[in-house]
Amino acid sequence: MKVTMPVIRGLNQFKYGVVLLNMVLNIIIFALFGLSLILIYSLLLITTETNSFEFGILRLIGNIKRNVILIIIMQCISFFVPGFILAFLLHFQILKVVNLSVKNYIHSDLNLGFSSSGFIISFIIIFYLLLLQQFYLLKVF
């Protein structure tokens, strides 16, 4: 099966084809990032709601609120760290495939590379959003 891409071949004639394709890929990456944030949030929300009875029982048998908070923080970290590591490792492989396929079709490099500032900012934002969400649910609890 041979895949033909007449649009990309047509864009190869224009100097703005690479810019257009780069913008489309950035929009797709941004949309997938937003979807992953929503999925992580819903997973933590469901887990916290299902464990609210367990936390109530822990408080009932005499555990102090600090221990319950530590349980929630550890649960948040147990979701965050493996997911972040897996996403970080997979994004390199996906970028290699996308960069190679685009390079073959339009004969130009998109310069899709690693940004240490992007890594640090995304790490901080996601971790603090998860912690804020857990503490908000604890206040409601």
So how far apart, in nm, are the two label points at residue 13 and residue 58 if each is 7 Å from Cα heading toward Cβ? 6.6 nm
If r is the Cβ-Cβ distance from residue 87 to residue 46 and R0 is 22 Å, what FRET efficiency results, to the nearest 0.05? 0.65
Virtual spin-label span in nm between residue 132 and residue 95, 7 Å along Cα→Cβ: 2.6 nm
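So if each residue of separation counts as 0.36 nm, and I subtract the Cα-Cα distance between residue 37 and residue 75, what length gain in nm does that give?
Values: separation 38, 0.36 × 38 = 13.68 nm, distance 1.68 nm.
Full extension from residue 37 to residue 75 adds 12.0 nm.
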Relative contact order for the range 6-140, counting Cα pairs under 8 Å that sit 6 or more residues apart, in percent: 35 percent
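Length gain on complete extension for the stretch residue 104 to residue 23, per 0.36 nm per residue less the alpha carbon to alpha carbon distance? Numbers along the way, then the final one.
Working: separation 81, 0.36 × 81 = 29.16 nm, distance 1.82 nm.
Extra length available between residue 104 and residue 23 comes to 27.3 nm.
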From the residues 44, 68, 91, which one has its Cα farthest along the dipole of the range 6-140 in the positive direction, the dipole being from +1 and -1 charges on Cβ of Lys/Arg and Asp/Glu about the Cα centre? 91
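The numbers here are math on the coordinates, done by the rules we state, and not lab data. Note that the coordinates shown come from a computational prediction; the quantities given were computed from them, not determined experimentally. Neighbour counts are summed over all protein chains in view; Cβ atoms, including those assigned to glycine, are modelled from backbone coordinates with ideal geometry.
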